Amino acid sequence: MDIYESEEEILLFADMPGVLKEDVKVNIDNGTLSLSGIRKLQPRGAARWEEFGDVEFRRNFSVPQTINVEKVYAELKDGVLKLHLPKSEAAKPRLIQINAA
């Protein structure tokens with residue numbers, strides 16, 4: 001897992017090699033982000049030696065209440081899940097203009 005934060009969003013990268021898009025679940029509920037995925041191996045003939053079988057990935061994170069849940073989106077490419085967690089406007093830094101009296 002790699003997590004980066006900018007003024008605009010929190011960006012999360014999760015390595016999930018061999019996991020198909022249909023087998024990934026992302027859920028945000030009550031301040032908790034849950035990621036899960038299952039890598040299912042497709043056998044090709046009779047197994048002579050099998051060291052790895054199906055693998056399940058599961059992680060839970062606390063996320064700040066300042067995340068705009070309606071605009072969260074994810075993309076899966078080359079075994080890496082990229083999750084964008086945009087910040088709400090209220091959470092973004094603002095420059096306050098000072099007026100002369």
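A short reminder: the numbers here are calculations on the coordinates, not readings from a lab. What you are looking at is a predicted structure, and each value in this text was computed from that prediction instead of being measured. Note that each Cβ is placed from the backbone with ideal geometry, even for glycine, and that neighbours are counted across all protein chains shown.
Let me spell out the model: positive unit charges on the Cβ of Lys and Arg, negative unit charges on the Cβ of Asp and Glu, origin at the Cα centre of region 38-101. What dipole size does that give, in debye rounded to 20? Write down the numbers at each step before the final one.
Values: 12 positive and 8 negative charges, 25 e Å.
Approximately 120 debye in magnitude.
As an exercise, identify the trypsin sites (Lys or Arg not before Pro) in the chain lying in DSSP coil whose Cβ has no more than 13 other Cβ atoms within 10 Å.
Details: sites: Lys21, Lys25, Arg39, Lys40, Arg44, Arg48, Arg58, Arg59, Lys71, Lys77, Lys82, Lys87, Arg94; in loops: Lys40, Arg44, Arg48, Arg94.
When the trypsin sites (Lys or Arg not before Pro) of the chain are filtered for loop state and at most 13 Cβ neighbours within 10 Å, Lys40, Arg44, Arg48, Arg94 remain.
Please compute the modelled spin-label separation between Lys82 and Leu20, points set 7 Å along Cα→Cβ, answer in nm with one decimal.
Reported label-point gap for Leu20 and Lys82 is 2.3 nm.
How about Lys21: which lysines have a C-alpha closer than 23 Å to its C-alpha, ignoring those fewer than 8 places off in the same chain?
Candidates past the 8-residue exclusion: Lys40, Lys71, Lys77, Lys82.
Scanning the chain for chymotrypsin sites (Phe, Trp or Tyr not before Pro) in DSSP loops with at most 15 other Cβ atoms within 10 Å, what's the longest stretch left with none?
Working: sites that count: Trp49, Phe52.
Longest site-free region, per DSSP loop and neighbour criteria: 53-101.
Label Met1 and Asn30 with points 7 Å out from Cα along Cα→Cβ: what is the distance between them in nm?
Computed distance between label sites Met1 and Asn30 equals 1.9 nm.
Tell me the net charge near Pro17. Cut-off is 11 Å between Cβ atoms, Pro17 excluded, with +1 for each Lys or Arg and -1 for each Asp or Glu.
Working: positive: Arg39; negative: Asp15, Asp78.
Once all neighbours under 11 Å are counted, the net charge is -1.
Longest span of the chain, sites excluded, free of GluC sites (Glu not before Pro) in DSSP loop with at most 16 other C-beta atoms within 10 Å?
Details: sites that count: Glu7, Glu8, Glu50, Glu51.
It works out to 52-101.
Starting from the Cα gyration tensor of the chain, take the square roots of the eigenvalues, sort them a ≥ b ≥ c, and report rounded, prolate or oblate (rounded when a/c is under 1.5, otherwise prolate if a/b is larger than b/c, else oblate). Mind showing how you got there, number by number?
On the way: a/c = 4.18, a/b = 3.34, b/c = 1.25.
Note, shape of the chain comes out prolate.
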